[in-house]
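Shown next, in structure tokens, is the structure this report addresses.
The values are calculated or read from the model by the stated rules, or taken from the named source; none is laboratory data. Predicted model only: the values in this text are computed from it and were never measured. Every residue, glycine among them, receives a Cβ derived from its backbone with ideal geometry; neighbour counts consider all protein chains shown. Each accessible area value is taken on the protein alone, full model and side chains, heavy atoms only, with ligands, DNA and RNA left out. Shrake-Rupley method; radii C 1.70, N 1.55, O 1.52, S 1.80 Å.
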Amino acid sequence: MARMVLSAFFFKSLLIFLYRFFFRPLKDRISINNNNITFATQLIHERYHSLHHRSDLNDHTLIFDVEGALLTSSSVFPYFMLVAFEAGGLLRAIVLLLAYPFVCLVGEETGMKIMVMVCFFGIRKERFRVGSAVLPKFFLEDVGEDMFEVVKRGGRKVGLTKLPRVMVESFLKEYLEIDFVVGRELKVFNGFYVGLMEETKAMHDNLEMVREGKGNCSDIIGISGFHKDLDHSFFSSCKEVYTVGENEKRNWKNLGREKYPKPLIFHDGRLALKPTPLTTLAILMWLPFGFTLSLIRIITALTLPQNISIPMLAFSGLRPTTSRPKAQKLKAKGNLYACNHRTLLDPLSISFALKRDLMAVTYSLSKVSEMLAPIKTVRLTRNRSEDAKKMKRLLKQGDLVVCPEGTTCREPYLLRFSPLFSEVCDEIVPVAIDSHVTMFHGSTAGGFKCFDPFFFLMNPTPSYTVRLLEKVSPSSVLATTNNTFNLDARFEVANHVQTQIGKALGFQCTQLNRRDKYLTLAGNEGA
């Protein structure tokens with residue numbers, strides 16, 4: 001008897017589950033689609049191509065569907081995977097990947113709720129910076145150039161997204177200069193995300209506030225993805241609605257870096273490639289092999305002589321490249337190498353390229369990195385006079401490497417060079433360094449820096465390019481430099497070295513510094 005009662009209870013629970021997660025969402029979607037069909041008969045929908053010929057867009061408010069009409073890819077899974085991996089960790093990323101087949105079966109809205117729950121549950125709100133430090137890079141690489149050329153001509157631009165607003169707001173406002181972002185809000189309890197979103201009614205209310213304050217813009221034009229479930233209800237007050245089809249999006253070109261309204265100089269996160277489902281599976285399968293390979297490479301570099309370790313590292317997939325002027329002659333000791341900063345391995349790459357024992361000075365380095373470093377590392381104090389004396393003393397003992405940027409930069413930009421290195425010797429050897437990775441970035445602003453070398457060496461085929469440039473004499477630079485801006489001499493030398501390295505790499509020189517990077521990525525000034 002008890003067994004029959006338990007069986008009846010099990011089947012009743014199963015029926016309730018199936019109704020709640022399958023049949024009821026299907027019923028809701030059918031109802032929504034019927035509403036959309038009714039609304040579609042009341043408005044004439046046009047293809048977005050006609051917007052290219054409009055000259056009056058500056059007098060209108062443009063409301064566009066971010067996922068359906070701006071991004072070339074309609075899948076939002078990679079962006080949730082970035083949140084799961086970068087904010088939640090490896091275990092959360094595995095859970096999201098395992099849940100993906102179920103997400104595909106239950107429909108767009110229910111699938112979105114599942115991904116939000118997996119990615120955000122238990123994440124502290126005040127520490128969540130993936131939306132501003134990691135996601136903008138991947139969103140920018142997915143923007144369609146055709147649609148962006150239309151959107152940027154609008155008088156006021158409103159981005160409408162079904163994603164949580166915290167994921168897309170920084171990308172739209174800071175990098176694409178969109179005026180307003182209307183998206184789903186995440187529920188918070190005691191400072192933590194609970195993994196639930198507010199209902200779409202809150203999005204309607206926010207959109208109504210935008211409409212009421214439209215100012216001088218006479219009409220509202222909507223740009224929607226074709227046959228998206230909720231589009232028509234959000235574009236109900238638009239005078240005109242233009243649609244974008246999936247076939248049209250496939251022919252779009254991605255927005256070029258040179259056309260970004262604001263250049264992407266800083267970004268964080270470990271993943272270097274867009275984590276689609278198949279790519280994520282490949283990364284997770286590679287992780288145990290990559291970690292083992294990283295340990296082998298580190299042990300090889302630490303224990304074997306350079307004439308043996310360099311060929312072995314190249315055999316393992318590490319691709320080093322070195323070049324230098326033919327007639328360049330270096331002193332037996334006391335050479336100062338000033339290089340741009342890509343990863344913590346920069347000084348080591350120069351040492352391997354020259355096959356010399358070098359010393360490196362640094363402002364901040366983890367204890368683990370100091371212990372593992374096969375070359376001598378010396379901490380600076382940020383006291384200019386004391387640090388200058390220390391560097392002069394080290395130059396008497398041997399060759400010295402310094403990274404005047406003070407922090408790493410992944411993109412093709414050079415940060416401002418600190419001028420301290422220009423005061424300590426009569427000759428400077430500029431070194432242009434570039435590195436490329438395939439899976440993982442070897443630098444971080446908000447994570448554990450002690451793991452940076454491990455992540456770089458976990459890449460299947462990481463590459464390092466070391467290019468020694470012609471020597472620079474501070475005295476000769478000052479003799480040939482025009483003091484139009486009345487700069488201090490040491491800054492002139494530092495700027496000259498920065499310019500030489502920038503030209504050699506094809507990088508753009510900036511006046512940004514370490515403080516700017518950490519304020520952007522970590523919300524602090526960088527200890």
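Structure values in brief
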item: Unique residue being open to solvent by less than 20 Å² (accessible area, probe 1.4 Å) and assigned to a helix (DSSP H, G or I) when the list is PHE456, PHE451; result: PHE456
item: Residue check for ILE433: open to solvent by less than 10 Å² (accessible area, probe 1.4 Å), over 28 Å from ALA87 (Cα atoms) and in contact with a strand residue (DSSP E or B) (Cβ under 6 Å, 6 or more places away or on another chain); result: yes
item: Restricting region 314-324 to residues that are in contact with a strand residue (DSSP E or B) (Cβ under 7 Å, 6 or more places away or on another chain), of a type outside the set (Gly, Ala, Ser) and surrounded by fewer than 15 Cβ atoms within 10 Å (Cβ to Cβ), the residue that is nearest to LEU354 (Cα to Cα); result: THR321
item: Matching option when the condition is part of a strand (DSSP E or B) and either modelled with pLDDT of 95 or more or β-branched (Val, Ile, Thr) (or both), among THR61, THR110; result: THR61
item: So ALA332, is it assigned by the TED database to the domain that holds LYS396, in contact with a helix residue (DSSP H, G or I) (Cβ under 7 Å, 6 or more places away or on another chain) and either open to solvent by less than 30 Å² (accessible area, probe 1.4 Å) or closer than 25 Å to CYS425 by Cα (or both); result: no
item: Any hit, region 465-477, residues being assigned by the TED database to the domain that holds ARG384, touching a residue at least 12 places away in the same chain (Cβ under 8 Å) and under 30 Å from LEU90 (Cβ atoms); result: no
item: Among (1) open to solvent by less than 30 Å² (accessible area, probe 1.4 Å); (2) closer than 27 Å to PRO412 by Cα; (3) not aromatic (Phe, Trp, Tyr) - the single one LYS152 does not satisfy; result: (1)
item: Those strands (runs of 3 or more DSSP E) lying entirely in region 135-204 with at least 2 residues at pLDDT below 95 and under 17 Å from SER74 (Cβ atoms); result: 156-164
item: So GLU246, is it free of Cβ contacts under 8 Å to residues at least 40 places away in the same chain and exposed (fewer than 15 other Cβ atoms within 10 Å of the Cβ); result: no
item: Qualifying position, being open to solvent by less than 70 Å² (accessible area, probe 1.4 Å), out of contact with any helix residue (DSSP H, G or I) (no Cβ under 8 Å at 6 or more places or on another chain) and not charged (D, E, K, R), among ALA272, ALA301, ALA373, ALA327; result: ALA272
item: Any pair with Cβ under 6 angstrom, 6 or more apart, that starts in region 346-358 at a residue that is in contact (Cβ under 8 Å) with a residue 40 or more places away in the chain and ends at one that is open to solvent by less than 20 Å² (accessible area, probe 1.4 Å) and part of a helix (DSSP H, G or I); result: LEU358/SER351
item: Test for LEU82: is it touching a helix residue (DSSP H, G or I) at 6+ places or on another chain (Cβ under 9 Å), under 30 Å from PHE448 (Cβ atoms) and of a type in the set (A, V, I, L, M, F, W, C); result: yes
item: Single unsatisfied condition, ASP229 versus (1) open to solvent by 50 Å² or more (accessible area, probe 1.4 Å); (2) assigned to a loop (DSSP other than H, G, I, E, B); (3) modelled with pLDDT under 85; result: (1)
item: Cross-chain or 6+ apart pairs with Cβ under 8 Å, region 160-176 first and without any contact (Cβ under 8 Å) to a residue 40 or more places away in the chain, then open to solvent by 10 Å² or more (accessible area, probe 1.4 Å) and β-branched (Val, Ile, Thr); result: ARG165/VAL181; GLU169/VAL181; LYS173/VAL181
item: For HIS49: the one exception among (1) of a type outside the set (D, E, K, R); (2) modelled with pLDDT under 85; (3) more than 30 Å from GLU145 (Cα to Cα); result: (3)
item: Any hit, region 484-503, residues being at pLDDT 85 or above, assigned to a loop (DSSP other than H, G, I, E, B) and surrounded by fewer than 18 Cβ atoms within 10 Å (Cβ to Cβ); result: no
item: Single condition THR520 does not satisfy, out of (1) surrounded by fewer than 17 Cβ atoms within 10 Å (Cβ to Cβ); (2) part of a helix (DSSP H, G or I); result: (1)
item: Residue among ALA84, ALA69, ALA93 that is of a type in the set (Gly, Ala, Ser), outside any loop (DSSP other than H, G, I, E, B) and under 19 Å from SER132 (Cβ atoms); result: ALA84
